[in-house]
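Below is one structure, written out as structure tokens; comments come after it.
The values are calculated or read from the model by the stated rules, or taken from the named source; none is laboratory data. Nothing here was measured: the structure is a model prediction, and the numbers come from that model. Neighbour counts run over all protein chains shown; Cβ positions are idealised from the backbone, glycine included. Just the protein is used for accessible areas: all its heavy atoms, side chains included, with ligands, DNA and RNA removed. Shrake-Rupley method; radii C 1.70, N 1.55, O 1.52, S 1.80 Å.
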Amino acid sequence: GIHQGGLTLPDRDYYLQNDPHMQDIRDKYRAYLVTVLKLTGETDDQAKTDAGSIIDIETALAKGATPRRELRDPDKRYHITTLTALDQLEPNFDWAVYFTGIDAPKVSDINVGQPDFFKAENQLLADQSLDAIKAYLKFHALSGVAPWLSQPFQDASFDFFQKTLNGQAEQTARWKRCT
């Protein structure tokens, strides 16, 4: 099956709630985005522009995401759909190419866990520029491996994910992380 995703922050509420704590986390997330993008050689201005695009994309995905409390209901996670209907649900994404690219087995039906999310993703693909989508994909590729890249990437990743989000005071020694 396919399910909602694509968010860096732990839950959709981190993007949508406007209390001071969530706003502070979003500000720190924006700073993390800028830091990671600048480490790839982007200028400060370009990194800030790309960070804004990434936050816009993730916020749009969060708006389309099913809230966690509703995900506890199996009926809200189980929607058997034909591949033809999936193409109609999200025509801006080439599902046939995607499934071929990941070497998925040939099937005629698939569970689309959260159809509203894929409708939102479809709209996002229509609304966002190619440069914004490239920035989003670039960041996600980097952020996913940042703990294993050079020290500046590791430090930025630790500072945001472990320190800001999880409250870990200091980074575990590299030899322990490697072990």
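Could you check how many residues of the range 72-85 are of a type in the set (A, V, I, L, M) and in a helix (DSSP H, G or I)?
Within the range 72-85, residues that are of a type in the set (A, V, I, L, M) and in a helix (DSSP H, G or I) number 2.
Looking only at the range 74-119, which residues are open to solvent by 80 Å² or more (accessible area, probe 1.4 Å) and among the aromatic types (F, W, Y)?
Across the range 74-119, the qualifying residues are Y78, Y98.
Which residues, counting only those in the range 17-59, are over 19 Å from F161 (Cα atoms) and among the hydrophobic types (A, V, I, L, M, F, W, C)?
Of everything in the range 17-59, those that are over 19 Å from F161 (Cα atoms) and among the hydrophobic types (A, V, I, L, M, F, W, C) turn out to be A47, I57.
Determine the pairs where a residue that is without any contact (Cβ under 8 Å) to a residue 24 or more places away in the chain and within 14 Å of I55 (Cα to Cα), located within the range 33-45, has a partner that is small (G, A, S) and buried (at least 18 other Cβ atoms within 10 Å of the Cβ) with Cβ atoms under 6 Å apart, the partner being 6 or more residues away or on another chain.
Filtered contacts from the range 33-45: V34/A47; V34/A51.
Looking at the range 127-179, which of its residues are within 24 Å of I25 (Cα to Cα), open to solvent by 90 Å² or more (accessible area, probe 1.4 Å) and among the aromatic types (F, W, Y)?
W148 - this is the single residue of the range 127-179 that is within 24 Å of I25 (Cα to Cα), open to solvent by 90 Å² or more (accessible area, probe 1.4 Å) and among the aromatic types (F, W, Y).
Within the set of pairs 6 or more residues apart or between chains, which connect a residue that is polar (S, T, N, Q) inside the range 1-24 to a residue that is crowded, with 16+ Cβ neighbours inside 10 Å with Cβ atoms less than 6 Å apart?
Within 6 Å, the pairs are Q4/A65; Q4/Q114; Q4/F117.
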